[in-house]
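*Asks:* Structure below; questions to follow.
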Amino acid sequence: MNKICVIGNLTRDPETGATQDGVQWTRFSIAVRKRYVKSGQPDTDFMRVTAWRQLAESCAKYLQKGRKVCVFGAAESHSWMSNDGSPRGQIEITAEDVEFLSPKPQADAPTAPGTGYVEVNDDEEVPF
């Protein structure tokens, strides 16, 4: 059985498209921090995620760079040699479900520039 569950932040806005048969897809990449620290810095894995059909529509509508998501799906690893001869690899996930973990920005709430996150003062009560 091939199942994976990861939590990470989108590294850029999602891209969308459709197959020749009209099946919609949405693709995005997430950064997933590892628990251990490497050379004084937390290590991070970057994973590509592809969602299909109605899930793709929801992801395209509500996700943007910086938003936190939990992705459930099947993982596949790909490896290749780069132009300079060094080995490269990528984990790709076909999403079965995507949970949107960042709070939905409110129309009148200030957002941090370029993130879509609602800024919350530490003294305020968080509404979720």
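*Asks:* Can you give the charge dipole size of region 7-114 about its Cα centre, rounded to the nearest 20 debye, using +1 on the beta carbon of Lys and Arg and -1 on the beta carbon of Asp and Glu?
*Replies:* It comes to approximately 400 debye.
*Asks:* A further question on this structure: Put Lys65, Lys34, Lys3, Lys104 in order of accessible area, largest first, 1.4 Å probe: what do you get?
*Replies:* On the way: Lys65 105, Lys34 60, Lys3 125, Lys104 155 Å².
Highest to lowest solvent-accessible surface, that is Lys104, Lys3, Lys65, Lys34.
*Asks:* Would you mind counting up the charge near Val71? Only other residues with Cβ under 10 Å from its Cβ, with Lys and Arg at +1 and Asp and Glu at -1. Could you put the intermediate results ahead of the total?
*Replies:* On the way: positive: none; negative: Glu96, Asp97, Glu99.
Result for the neighbourhood of Val71: -3.
*Asks:* What list of ³J(HN,Hα) values in whole Hz, one per residue of region 65-73 in order, does the Karplus curve 6.51 cos²θ - 1.76 cosθ + 1.60 (θ = phi - 60°) give from phi, with Gly and Pro shown as x?
*Replies:* Residue by residue, region 65-73 yields 3, x, 5, 8, 9, 10, 10, 10, x Hz.
*Asks:* In addition: Using a cut-off of 15 Å between beta-carbons, work out the net charge of the residues near Ile93 (Lys and Arg +1, Asp and Glu -1, Ile93 not included). Intermediate values should be presented prior to the final figure.
*Replies:* Details: positive: Lys3, Arg27, Arg48; negative: Asp45, Glu76, Glu92, Glu96, Asp97, Glu99.
Residues close to Ile93 contribute a combined charge of -3.
*Asks:* Tell me which residues come under 5 Å, amide H to amide H, from Ser29 once H is placed; ignore anything under 5 positions away on its chain.
*Replies:* Sorted by chain and number, the residues that satisfy this are Thr11, Arg12, Val49.
*Asks:* What is the sum of charges around Val23, taking Lys and Arg as +1, Asp and Glu as -1, for the other residues whose C-beta is under 14 Å from the C-beta of Val23? It would help to have the intermediate numbers written out before the result.
*Replies:* Working: positive: Arg27, Arg53; negative: Asp21, Glu57.
Its environment carries a net charge of 0.
*Asks:* In straight Cα distance, which lysines are under 22 Å from Lys3, not counting same-chain residues fewer than 8 positions off?
*Replies:* Within the straight-line limit of under 22 Å, Lys3 reaches these lysines: Lys34, Lys68.
The values are calculated or read from the model by the stated rules, or taken from the named source; none is laboratory data. In this text the structure is predicted, and so the values were computed from the model without any measurement. Cβ sites come from the backbone with ideal geometry, for glycine too, and all protein chains shown count toward neighbours. Surface areas here come from the heavy atoms of the whole protein model, side chains and all, with no ligands, DNA or RNA. Shrake-Rupley method; radii C 1.70, N 1.55, O 1.52, S 1.80 Å.
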